[in-house]
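Participant: Sharing a structure, written as structure tokens. Questions coming.
The values are calculated or read from the model by the stated rules, or taken from the named source; none is laboratory data. Because the structure is a prediction, the values reported are computed rather than measured. As a convention, Cβ positions derive from the backbone with ideal geometry for all residues, glycine included, and neighbour counts pool all protein chains shown. With ligands, DNA and RNA removed, areas are computed over all heavy atoms of the protein, side chains included. Shrake-Rupley method; radii C 1.70, N 1.55, O 1.52, S 1.80 Å.
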Amino acid sequence: MRQDDFFETVQNGQYSSKSLNHDLIDGIRRGLPFGVSDDDVAYALIYLLIDDLPMDPEHEGLLDNSETGAVLRCLKAVLWRMGIEFELPFHDKRGYYSFRADNRNGLQTDLSRVFAPAREALERRDRVHSGGGLRGLRGELRNLIFAAKQKPEIVWRDVAAGTIEITRNKQHCLLYDRPVGVSGLTWGEVAEWWRLQDGNYALPVEALRKALRDRLVGSLHEPEQLMLDSYWQFSVSKGFDDIPALLPQVFLHYDPLTQQQRMQRAEGQVLVRQRMDFLLLAPGGRRYVLELDGKQHYSRKGEAAPDLYAEMVREDRRIRLQGYEVYRFGGAEFISKQAAEAMLSEFFGELLGV
């Protein structure tokens, strides 16, 4: 089910607009049958609220205060039917404003965190009923291509099962093809997968970790290496195995053509950004993208380039709507190694709550 399914088109003379379908929302809340499972409805309602609740009162969104309240009540009723108890710290849009203000817009007010318990419970149901891996915000998560030094070439061995094979540049990237559970992807799970790669099985624990770290660092430039090193030390100080893994150079999207080949075609560029600097998969279905921005992100030959900046923030909005949280760091924050390490340690502690 899609978010658009909750809306109807209202015609007003020559103009039309979208309006919440109150009859549908009320019917869903009361459990009237309409051909869509409660699981799918719950996910779609959560996506709608995450996307529509504003970051500030100036941004109204599609839903007004009372409509937001109706959607929240509907979500609670759907979850209750599935045996999931879920309480929110607000009951409508104005309540969300107050919640943010009372907590000074801290990380605990981030909507992905607010709805994480409900998503985790839904994902646990998915695993019990289907035996599969993590159902992400926009579908199943599988085939993580990361630590990429060069773009791989891939083929689909089994489209229905989602099985891919890297046919070229395999030696320049890593492919994690195991299911990702509701607890996210931890260093312990990545290390166990790494142990089964060629030549690693007999390595002692410390040697295994060192080989993994060296391989990940080898895919990065200096400022990125500092971020990975800082997170690695942070993870070791917190016990390592149960801490979410920080995967570098991850392909979130994939176009088989090069940018030059794509631009020569009539449709032009299809995917603005394919590879992310870092991806962290945390408990509760939370997905964090971390990006380090050098001058190339906002300038050409030393001159400000508003179009590059606009392209970057437009793409950020798009992947946020797909369920990823995006955090950007400026290159100037990494000039001092000591200051960068202190900043990153504080950031990771707040982000993960450990």
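Participant: Could you look through region 190-213, keep only residues that are among the aromatic types (Phe, Trp, Tyr) and surrounded by 11 or more Cβ atoms within 10 Å (Cβ to Cβ), and pick out the one that is nearest to ALA282 (Cα to Cα)?
Facilitator: It comes out as TRP193.
Participant: Let me ask something else. Examine region 346-354 for a residue that is of a type outside the set (Ser, Thr, Tyr) and at pLDDT below 90, and state whether such a residue exists.
Facilitator: Yes - at least one qualifying residue is present in region 346-354.
Participant: So which pairs qualify, if the first residue must be in region 17-44 and among the polar types (S, T, N, Q), the second must be not in a loop (DSSP other than H, G, I, E, B), the Cβ gap must be under 7 Å, and the two must be at least 6 apart or on different chains?
Facilitator: Within 7 Å, the pairs are SER17/VAL10; SER19/PHE7; SER19/GLU8; SER19/VAL10; ASN21/PHE6; ASN21/PHE7; ASN21/GLU8.
Participant: Right, here's the next one. Please work out which residue is least open to solvent (accessible area, probe 1.4 Å), limiting yourself to region 1-35 and to residues that are hydroxyl-bearing (Ser, Thr, Tyr) and in contact with a Ser or Thr (Cβ under 9 Å, 6 or more places away or on another chain).
Facilitator: In this case the residue turns out to be SER19.
Participant: Within region 124-159, restricting attention to residues that are open to solvent by 80 Å² or more (accessible area, probe 1.4 Å), basic (Lys, Arg) and not in a strand (DSSP E or B), which residue is modelled with the highest pLDDT?
Facilitator: Per the stated criteria, the residue is LYS149.
Participant: Considering only region 61-82, I want to know if a residue exists there that is closer than 29 Å to VAL354 by Cβ, out of contact with any Gly (no Cβ under 8 Å at 6 or more places or on another chain) and open to solvent by less than 20 Å² (accessible area, probe 1.4 Å).
Facilitator: Yes, there is a match, as at least one residue in region 61-82 is closer than 29 Å to VAL354 by Cβ, out of contact with any Gly (no Cβ under 8 Å at 6 or more places or on another chain) and open to solvent by less than 20 Å² (accessible area, probe 1.4 Å).
Participant: Another question, then. Among residues belonging to region 87-123 that are polar (S, T, N, Q) and open to solvent by less than 30 Å² (accessible area, probe 1.4 Å), point out the one that is nearest to GLY285 (Cα to Cα).
Facilitator: Per the criteria, the residue is SER112.
Participant: Of the residues TYR201, TYR288, which is of a type in the set (Phe, Trp, Tyr), touching a strand residue (DSSP E or B) at 6+ places or on another chain (Cβ under 6 Å) and at pLDDT 80 or above?
Facilitator: Checking each option against the conditions leaves just TYR288.
Participant: If you don't mind, there's one more thing I want to ask. Restricting attention to region 216-237, which residues are surrounded by fewer than 15 Cβ atoms within 10 Å (Cβ to Cβ) and at pLDDT below 95?
Facilitator: Passing the criteria: GLY218, HIS221, GLU222.
Participant: Taking region 90-113, which residues are free of Cβ contacts under 8 Å to residues at least 40 places away in the same chain, closer than 20 Å to ASP64 by Cβ and of a type outside the set (Ser, Thr, Tyr)?
Facilitator: Those that are free of Cβ contacts under 8 Å to residues at least 40 places away in the same chain, closer than 20 Å to ASP64 by Cβ and of a type outside the set (Ser, Thr, Tyr): PHE90, HIS91, ASP92, ARG94, GLY95, PHE99, ARG100, ALA101.
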